[in-house]
Amino acid sequence: MATMVQKTSASVPIVSSCVRAAQTLQLARIVHASTGLCQTVPPGAIFAFCTTNAPTHCLPSFMDHISSPPPLPHALQQESIANSPPRLRARAIGSAVVAPTDVTLQAGQCLVVEGPSGAGKTRLLRLLADLDEGQGEAWLDGQARSAMPAPQWRRQVLYQAAEPAWWEATVMAHFPTDQHARAITLARHLALGEDRLRADLAQLSTGERQRAALVRSLLAQPAVLLLDEPTSALDAANVERVEDLLRDAMGQGMALLLVTHAQEQARRLGHGTLQVVRRSAP
């Protein structure tokens, strides 16, 4: 864990120490300009500390440097997630194949769906998205699925298949004109040029279609994204790009349920696991 201790004088604004501390994304030791005493401040409290203790004339400079609170270290993120109300909650979700399953998923959290082959991992995602017939109830930010029109639920609890369906000739044709610029920006993060978004889908590789599908999903800005093997056809560099984009989305509050056979990916993205059990024969 990085620490920062810097002596300051009355002529050096404390806000400069705050800015440098925030940039470390770790716990920081801030030195009071007036007293010379040190205080340990976690990243999430740096803004409050600075606005309380920094001289008034320094605050505009501080705001120029810090536009949003810095991300928390992974351990602190997990603690914050655990103390938040659930983004998605489900009780006894199941079907003829999937045994009744309870789900609790907070905003910004990723749960990795686990279970043996044939247990029904994909089916569980489809059940949560209200795409297959089943049993149980689910709530999104406290609102029951049964009280919400199915298309509205499916837009907010969005399922992305391992090989998603397309119904237009090109990727870009799936997006309204006012989303084209954003689609191009997202695609570039995934090493997809605009020309690939406008190319005939039949000319795209499986990996390109997988990345394009993630662009489509993220453009919809779902509250919960249900991903089924989203990187199965990708090389290591593109896997990293996908994971970076997913972390960014989770940092903005999106929750993620992930089916993956890549254990390293599960460790990198997951905050926990969700076990799926196949329903026993009667």
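The values are calculated or read from the model by the stated rules, or taken from the named source; none is laboratory data. Here the structure is a predicted model, which means the values were calculated and not measured. All Cβ positions, glycine included, derive from the backbone under ideal geometry; neighbour counts span all protein chains shown. For the accessible areas, the whole protein counts, side chains as well, though only heavy atoms, and no ligand, DNA or RNA atoms are used. Shrake-Rupley method; radii C 1.70, N 1.55, O 1.52, S 1.80 Å.
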Listing of helices (runs of 4 or more DSSP H) fully contained in the range 114-217 that carry 3 or more residues being at pLDDT below 95 and of a type outside the set (Val, Ile, Thr): none
Quick one: in the range 241-261, which of the residues that are at pLDDT 95 or above and over 14 Å from the mean Cα position of the chain (by Cα) is farthest from ASP141 (Cα to Cα)? THR260
Got at least one residue in the range 250-258 being small (Gly, Ala, Ser), without any contact (Cβ under 8 Å) to a residue 40 or more places away in the chain and open to solvent by 10 Å² or more (accessible area, probe 1.4 Å)? no
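Conditions tested, residue by residue: (1) surrounded by 20 or more Cβ atoms within 10 Å (Cβ to Cβ); (2) of a type outside the set (Val, Ile, Thr); (3) within 29 Å of LEU245 (Cβ to Cβ).
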{"residue": "PRO86", "(1), (2), (3)": "no, yes, yes"}
{"residue": "ILE93", "(1), (2), (3)": "yes, no, yes"}
{"residue": "ALA99", "(1), (2), (3)": "no, yes, no"}
{"residue": "ALA107", "(1), (2), (3)": "no, yes, yes"}
{"residue": "GLU114", "(1), (2), (3)": "no, yes, yes"}
{"residue": "GLY118", "(1), (2), (3)": "no, yes, no"}
{"residue": "LEU127", "(1), (2), (3)": "yes, yes, yes"}
In the range 259-278, what count of residues is obtained for those that are of a type outside the set (A, V, I, L, M), open to solvent by less than 80 Å² (accessible area, probe 1.4 Å) and part of a loop (DSSP other than H, G, I, E, B)? 3
Among the residues of the range 238-249, what is the count of those that are within 21 Å of LEU111 (Cβ to Cβ) and open to solvent by less than 80 Å² (accessible area, probe 1.4 Å)? 7
In the range 225-237, how many are within 18 Å of LEU186 (Cα to Cα) and either in a strand (DSSP E or B) or open to solvent by 20 Å² or more (accessible area, probe 1.4 Å) (or both)? 4
Taking the stated definitions as given, is SER232 touching a residue at least 40 places away in the same chain (Cβ under 8 Å) and hydroxyl-bearing (Ser, Thr, Tyr)? yes
For the subset of the range 198-219 comprising residues that are of a type in the set (S, T, N, Q) and closer than 12 Å to THR231 by Cβ, which member is most open to solvent (accessible area, probe 1.4 Å)? THR206
Right, ALA161: open to solvent by 20 Å² or more (accessible area, probe 1.4 Å) and touching a strand residue (DSSP E or B) at 6+ places or on another chain (Cβ under 7 Å) or not? yes
